[in-house]
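Working notes, beginning with the structure itself.
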Amino acid sequence: MLKGLRITLRKNERDDLPRYVKWLNDPEISYHLKQYYCLNLDDETDWYEHQRKDPTQLNFAMTLSESAKHIGAIGLMQINQRFQQAELGILIGEKDCWGQGYGREAIQLLVDFAFSELNLHRIYLRVDVSHIAGIKCYTHCGFIQEGCLREATYHHGHFEDLFIMSILRSEYRSKE
Ligand SMILES: CC(C)(COP(=O)(O)OP(=O)(O)OC[C@H]1O[C@@H](n2cnc3c(N)ncnc32)[C@H](O)[C@@H]1OP(=O)(O)O)[C@@H](O)C(=O)NCCC(=O)NCCS
């Protein structure tokens, strides 16, 4: 468990899955996510079973420290021990929790754990260029835009560029 002032990251439990199904089927929430199709509990259970045994993934449920309310998820994917890097993904499913700095705190908790305990060297993420809230949140956490994948995603009949953003352990340490 990774405990912060307002946010706690804990392991996902089977009981969390119906909430993920609800959130991921909400087009407003999933708009900027890779997942874009209808999901049911069986799909989510398959994901849960798969990721538990997959050493290249480490996923957490995001909860409010005060009430333990489950509000989202955050995780590392494509964990590569040789190159000491991983891709970060985040989802706040409770929309009234957007824009309150929870994403920033959850990312800081996970990035700290990844550099201090997992001995990672680089954490990167992909974000749509139109996802202003996401870009602001990641920039606040020290992520730097390092590249642009041209027309690499597709929304409502239009291709859109994707930014690659990353943070290195040395950059993170220099902020401490
Ligand atoms: C993207 C996400 C993780 C950000 O988390 P969050 O807790 O809402 O973000 P924060 O509050 O830490 O920071 C968001 C920043 O964007 C700003 N912001 C929010 N909506 C905005 C908008 N429409 N236009 C401009 N700025 C906006 C906020 O004011 C804040 O900036 P500030 O700290 O300078 O005030 C969260 O909104 C989310 O999970 N969305 C749905 C799923 C998703 O898009 N996942 C990421 C895919 S890359």
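Throughout, read-outs are computed from the coordinates displayed, never taken from laboratory work. Predicted model only: the values in this text are computed from it and were never measured. Here Cβ is always computed from backbone atoms with ideal geometry, including for glycine, and neighbour counts include all displayed protein chains.
Among what's in the range 119-138 and is β-branched (Val, Ile, Thr) and in a strand (DSSP E or B), pick the residue that is nearest to Leu109 (Cα to Cα).
Taking the candidates together, the pick is Ile123.
Quick one: is Glu87 within 15 Å of the ligand (Cβ to nearest atom), among the charged types (D, E, K, R) and in contact (Cβ under 8 Å) with a residue 60 or more places away in the chain?
Taking the combined requirement at face value, the residue does not satisfy it.
Residues in the range 140-156: is at least one part of a helix (DSSP H, G or I) and either within 9 Å of the ligand (Cβ to nearest atom) or under 19 Å from Leu9 (Cβ atoms) (or both)? I'd like the intermediate steps shown before the answer.
Narrowing the range 140-156 to residues part of a helix (DSSP H, G or I): 140.
Okay, now just the ones that are also either within 9 Å of the ligand (Cβ to nearest atom) or under 19 Å from Leu9 (Cβ atoms) (or both), so 140.
Yes, because at least one residue in the range 140-156 is part of a helix (DSSP H, G or I) and either within 9 Å of the ligand (Cβ to nearest atom) or under 19 Å from Leu9 (Cβ atoms) (or both).
Considering only the range 98-115, I want to know if a residue exists there that is among the aromatic types (Phe, Trp, Tyr), in contact with a strand residue (DSSP E or B) (Cβ under 6 Å, 6 or more places away or on another chain), surrounded by fewer than 17 Cβ atoms within 10 Å (Cβ to Cβ) and not in a loop (DSSP other than H, G, I, E, B).
yes
Can you report the number of residues in the range 143-167 which are touching a residue at least 12 places away in the same chain (Cβ under 8 Å) and either closer than 23 Å to Gly93 by Cα or within 15 Å of the chain's Cα centre (by Cα) (or both)?
9
I'd like to know if the range 62-73 contains one or more residues that are in a helix (DSSP H, G or I) and within 12 Å of the chain's Cα centre (by Cα).
There is no residue in the range 62-73 that is in a helix (DSSP H, G or I) and within 12 Å of the chain's Cα centre (by Cα).
If the Cβ limit is 7 Å and pairs must be 6+ apart or interchain, which residue in the range 20-34 that is more than 8 Å from the ligand (Cβ to nearest atom) pairs with which residue that is assigned to a loop (DSSP other than H, G, I, E, B)?
Taking only residues 6 or more apart or on different chains, the pairs are Val21/Leu39; Val21/Asn40; Trp23/Gly93; Leu24/Gln35; Leu24/Leu39; Asn25/Cys38; Asn25/Leu39.
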